[in-house]
1. What's the number of the condition C215 fails, among (1) surrounded by fewer than 19 Cβ atoms within 10 Å (Cβ to Cβ); (2) touching a residue at least 12 places away in the same chain (Cβ under 8 Å); (3) closer than 21 Å to M71 by Cβ?
2. Does the stretch 321-348 hold any residues that are aliphatic (A, V, I, L, M) and either assigned to a loop (DSSP other than H, G, I, E, B) or over 21 Å from the mean Cα position of the chain (by Cα) (or both), and which are they?
3. Which one of the conditions (1) within 23 Å of Y197 (Cα to Cα); (2) exposed (fewer than 15 other Cβ atoms within 10 Å of the Cβ) does T13 fail to meet, given that it meets all the rest?
4. Restricting attention to the stretch 122-146, report how many residues are surrounded by 15 or more Cβ atoms within 10 Å (Cβ to Cβ) and among the polar types (S, T, N, Q).
5. Looking at (1) modelled with pLDDT under 95; (2) under 16 Å from the mean Cα position of the chain (by Cα); (3) surrounded by fewer than 21 Cβ atoms within 10 Å (Cβ to Cβ), which is the one condition that is false for V119?
6. Would you mind telling me which numbered condition in (1) in contact with a Cys (Cβ under 7 Å, 6 or more places away or on another chain); (2) assigned to a helix (DSSP H, G or I) A150 fails?
7. Give the residue that is farthest from I108 (Cα to Cα), with candidates limited to residues of the stretch 63-95 that are without any contact (Cβ under 8 Å) to a residue 60 or more places away in the chain and in contact with a Lys or Arg (Cβ under 6 Å, 6 or more places away or on another chain).
8. Could you identify the single residue in N323, N298, N282 that is surrounded by 15 or more Cβ atoms within 10 Å (Cβ to Cβ) and at pLDDT 90 or above?
Amino acid sequence: MYDHVTIYYFSGTGNALTAGRWINENAEKKGIKADLISIDRFKKINVPVAEGKRLLGFCYPTHGFGLPWIMLKFIFRFPARERCDVFLLNTRAGSKIFKWFAPGVSGIAQILPALILLVKGFKIRSLFPLDMPSNWISVHPGFNQATVAAIVARCRIMTDDFCEKVLGGRTHFRPNVFVMMPIDIALAPIAFMYFMYGRFFFAKLYIASTDCDTCRLCEEKCPTASIKIVNKRPYWKFSCESCMRCINICPRQAIQASHSLAVIIAVAGSFLPLALMLKIFNSYIPPSLQKPADFIVNWGISLTLFFVVSGAVFWLIRLRWINKFFSATSLTKYWRRYLAPGIKPRDY
């Protein structure tokens, strides 16, 4: 059915990269030329030449019931290709409870980019959510090796079946795409709030402990160029996607997501005289514009708070005893890390 398959991917801990590799392997077995292209730090989009019958794919993780901002930008900017076939594969937080494989939730991670691509003239061949092992180390420890192996083996079988259908020219949608759609749509407000607040909050929770030896691997491998070295310590900018790559590839496990810093930011926010500020501000705003104005002011104050508090802590952790405190009170210090099986830092 196809002469060429081009897959664009964004991957933090290797789940989407692994899925892309599986599709690549299946395509080559069928004699289809395949390209697997990372969009890390993209500045321009290299569009394949429109020759023969081509299938385009976008593989990416689910972040906050949506897709990462870097992939959303990439799809927004992708040139329109009338009637070109395309598939979307989002990895999401799969888990295993005893013998039951629990699915993750996509939210708008598929719906939103699918609508964008449809408007651009693409033909959607497949929406394929893949329940790879949950990897959000900021929130929970990595799964043990046996659990990871079982989840990944199941996902490989599902991906091979997907390839058999889609690479053969058929349209294929997993049944749970439609079963879960009401829940996914209901989660859209949470996805919006994550996009406006959550991703910036999580971006500012990273710290480097005294174990950091300034090897600069995190800076070199950051997919959004969001890490810079300041005073021999990595510093995370607001453009961080919280993709978990840095925390999982650090050879000394020196990078932590600080839960004590999260508490400090939350407490600092509760003491802000926000209600008074909004009341004064609203007296100058027409009633019809007060709600959107309140939202914009809240958003600006929240981002300022994230920046100021995390920035103060970044400078304070130069003191060894303060660094030890924030490191010891970060649960990630005691949790397993996660990289998809077979993925190494050199693969990024």
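The values are calculated or read from the model by the stated rules, or taken from the named source; none is laboratory data. Quick caveat: nothing in here was measured; it's all calculated off a predicted structure. When we count neighbours, we look across all protein chains shown, and the Cβ atoms used for this are built from the backbone with ideal geometry, even at glycine.
1. C215 satisfies every listed condition except (3).
2. Hits for the stretch 321-348 are I322, A328, L339, A340, I343.
3. (2)
4. Adding up the residues that qualify gives 4.
5. (2) is the only condition that V119 fails.
6. Failing condition for A150: (1).
7. R83
8. It is N323.
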